[in-house]
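Each remark here refers to the structure printed beneath this line.
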Amino acid sequence: MKLTSTVIAGLLIIEPEVHEDHRGFFMESYHAGKLAELGITTTFVQDNHSLSEEVGVLRGLHYQLHPHAQTKLVRVISGAIYDVAVDIRPDSPTFGKWVGVTLSAANKRQLLVPQGFAHGFCTLEPRTQVLYKVDAYYSPQHERGILWNDPAIGITWPTTSPILSQKDEKHPLLKVAEIHF
Ligand SMILES: Cc1cn([C@H]2C[C@H](O)[C@@H](COP(=O)(O)OP(=O)(O)O[C@H]3O[C@H](C)C(=O)[C@H](O)[C@H]3O)O2)c(=O)[nH]c1=O
């Protein structure tokens, strides 16, 4: 298992060891002990799974407020996504900064998104399925969103006309005063 840091502290790329043979492949997609050896001791409580039928489906940017803020461990089992995390920790030196990583069934990369980040992805292939573990249960009352194309963040998404949920079309712009973890 290989861990790669990004330009934002705590936002990490995980690459499991893949055992390929003439039948296909096997990998330990999650191993709490090996992650703990790398300093990742998060206790996950919920698995999420989404299917997006089309290329250009954009889900996000979402987060949950304290005390329901979520760490997310994201991976793709079919298709590919451009996965984006935005640092919205008010006292962070990288507040408002973002990182985008391509996660795919082919590259088997995972993204560890700590609490205090807004998260979203845009699909790069049809029928893309995303699995992600979270360390806090879904709490709709504490769920918040930031507009996917907020100019103050300036994410370079793979499309300028994504397929969005009604909810995602209406998120507000990033306002630090309204964010607390
Ligand atoms: C997140 C969630 C949703 N739901 C229900 C609520 C709705 O009836 C339905 C679809 O929810 P939503 O449109 O919020 O799904 P996404 O747009 O994929 O949301 C996700 O998008 C980005 C990528 C994220 O990082 C979040 O984890 C998550 O918010 O599933 C649940 O029952 N449990 C849950 O944990």
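The values are calculated or read from the model by the stated rules, or taken from the named source; none is laboratory data. Just so we're clear, the structure is a prediction, and the values are computed from it rather than from any experiment. Heads up, the Cβs are rebuilt from the backbone with ideal geometry, glycines too, and the neighbour counts pull from every protein chain shown. Quick note on the areas: whole protein, heavy atoms, side chains included, nothing else; ligands and nucleic acids left out. Shrake-Rupley method; radii C 1.70, N 1.55, O 1.52, S 1.80 Å.
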If each K or R counts +1 and each D or E counts -1, the residues other than residue 97 whose Cβ falls under 14 Å of its Cβ total -2
Averaged per residue, the 1.4 Å probe accessible area of the chain, protein heavy atoms only, in Å², is roughly 52 Å²
For region 22-113, the Cα convex hull volume per residue in Å³ comes to 145 Å³
The ³J(HN,Hα) series, computed from each phi in region 57-66 with the Karplus coefficients 6.51, -1.76 and 1.60 at θ = phi - 60°, rounded to the nearest Hz and given as x for glycine or proline, is 6, 10, 10, x, 7, 10, 7, 10, 6, 3
Measuring from its Cα centre, region 117-181 shows a charge dipole (+1 at each Lys and Arg Cβ, -1 at each Asp and Glu Cβ) which, in debye to the nearest 20, is 60 debye
Under Stokes-Einstein, region 102-181 at 4 °C and 1.567 mPa s, with its Kirkwood radius over C-alpha pairs, diffuses with a coefficient in µm²/s of 87 µm²/s
All alpha-carbon distances of the chain, grouped into 5 Å bins from 0, give the whole-percent distribution 1, 8, 17, 21, 22, 16, 9, 4, 1, 0, 0, 0
The pairs in 2/167; 34/167; 97/167; 108/175 lying past 31 Å Cα-Cα in this model are 2/167; 34/167; 108/175
Taking placed amide H atoms and a strict 5 Å upper bound, the residues 5 or more places from residue 56 or on another chain that come that close are 123, 124, 125
With Cα springs under 10 Å, the Gaussian network model of the chain assigns the largest mean-square fluctuation among 141, 129, 115 to 141
Interchain or sequence-distant (5+) residues whose placed amide H lies within less than 5 Å of the amide H of residue 116 are 70
